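J.: Take a look at this one; I'll ask things after.
Any read-out appearing in this document is the output of simple, stated calculations on the displayed coordinates, not a laboratory observation. Since this is a predicted model, take the numbers as computed values, not measurements. Because the Cβ atoms are built from the backbone with ideal geometry, glycine has one as well, and the counts that use them run over all protein chains shown.
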Amino acid sequence: MRRRVLYIEPVVSELVDSWKGYLSQFKDPETELEVTSLTEGPRHLRYYSYGALVVPKILKIIKEAEKENFDAAIIGCFYDPGLRAAREIAEKLVVTAPAEASMHIAVTLGQRFSIIVGSTKGIPLMRENVIKYGFQDHLASFQAIGMGVLDLQTDPEETKRRIVQAAEKAIEQDGAEVIILGCTHQFGLYQELQSALGVPVIDVALAALNYAEFLVDLRNKHGWYFNKKNEYLPPPREEIESWRLLDLF
């Protein structure tokens with residue numbers, strides 16, 4: 001069953017080709033994958049204000065993806081910026097994001113998970129998402145490794161060393177059974193980390209990709225799609241047109 005999936009780097013990024021090459025190794029053979037990023041704006045979303053700036057741009061990309069007949073779109077940041085808004089305006093497009101996808105997978109693989117984060121700055125927003133998604137009883141801990149988003153791929157060996165140290169603490173002291181790498185820029189490390197730690201280690205970008213494929217299959221095979229009558233009820237078309245909002249998203 002063919003699927004067209006768009007992975008959105010919701011920042012200005014030079015890693016579009018790297019992302020496509022990496023994700024393509026793990027996609028289903030029946031999935032056609034495209035990767036895009038923003039043309040202007042921040043290069044990371046560490047701050048609430050940066051996240052607020054990119055959401056309107058994400059919504060425009062979501063609407064364009066639906067017009068271009070993509071089956072799914074992934075908002076590629078562990079903060080899941082604009083996820084609910086994107087699902088609200090999508091008509092049949094599957095929309096997912098790394099945090100939600102990886103937590104759903106983690107609680108299937110083990111009872112408690114810990115999230116490895118770059119710095120403590122991101123923990124409050126991530127904790128809000130854990131609670132919003134209903135996984136607070138499964139959260140063992142957050143462990144910060146003292147690195148910024150743009151530093152994570154600069155020295156992969158140092159990044160791995162710090163992640164192993166933090167993950168061992170999460171496993172031994174906090175009772176974590178699954179480790180979630182709490183930033184998409186921790187990509188490409190999970191296999192070595194998993195071998196070293198002996199527990200499932202979730203690469204959140206891959207989790208989002210494979211979860212998107214799964215959700216597309218559920219939609220296509222069973223008609224299971226986001227409920228559009230309550231939480232994801234879209235704005236009235238007449239309001240959008242009369243208030244001249246069409247150009248905004």
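J.: I'd like the distance separating the alpha-carbon centroids of the stretch 92-157 and the stretch 186-217, in whole Å.
T.: Centre-to-centre (Cα) distance: 12 Å.
J.: Then there is this: In the stretch 89-158, which GluC sites (Glu not before Pro) are in a loop and have at most 11 other Cβ atoms within 10 Å, using DSSP for the loop call?
T.: Glu91
J.: With unit charges on the beta carbon (Lys/Arg positive, Asp/Glu negative), name the residue among Tyr133, Leu215, Ile115 whose Cα is farthest towards the positive pole of the charge dipole of the chain.
T.: Tyr133
J.: Would you list which lysines come within 20 Å of Lys228, measuring only between C-alpha atoms, while excluding same-chain residues fewer than 8 positions from it?
T.: Reachable lysines: Lys60, Lys63, Lys67, Lys92, Lys132.
J.: Exactly which GluC sites (Glu not before Pro) in the stretch 187-249 are in a DSSP loop and have at most 14 other Cβ atoms within 10 Å? Can you show the working numbers first?
T.: Details: sites: Glu192, Glu213, Glu231, Glu238, Glu239, Glu241; in loops: Glu231.
Those that pass, being in a loop and sparsely packed, are Glu231.
J.: Further, regarding this structure: I need the semi-axes of the equivalent ellipsoid of the stretch 174-246: take the C-alpha gyration tensor, multiply each eigenvalue by 5, square-root it, list largest first in whole angstrom.
T.: Largest first, the stretch 174-246 gives 38, 16, 12 Å.
J.: Go through the stretch 1-103 and name the trypsin sites (Lys or Arg not before Pro) that are in a DSSP coil and have 15 or fewer other Cβ atoms within 10 Å of their Cβ.
T.: Those that pass, being in a loop and sparsely packed, are Arg2, Arg43, Lys92.
J.: Quick one: angle between helix 156-174 and the longest Cα principal axis of the chain, in degrees between 0 and 90, rounded to 10, please.
T.: Helix 156-174 sits roughly 80 degrees off the main axis of the chain.
J.: Computed over the Cα atoms of the stretch 35-168, what is the convex hull's projected area averaged over all directions, in nm²? Can you show the working numbers first?
T.: On the way: hull surface 35.7 nm².
The orientation-averaged projected area of the Cα hull of the stretch 35-168 comes to 8.9 nm².
J.: Note down the Stokes-Einstein diffusion coefficient of the stretch 99-204 in µm²/s, whole number, using a Kirkwood radius over alpha carbon pairs, 25 °C, and 0.890 mPa s.
T.: The diffusion coefficient I find is 184 µm²/s.
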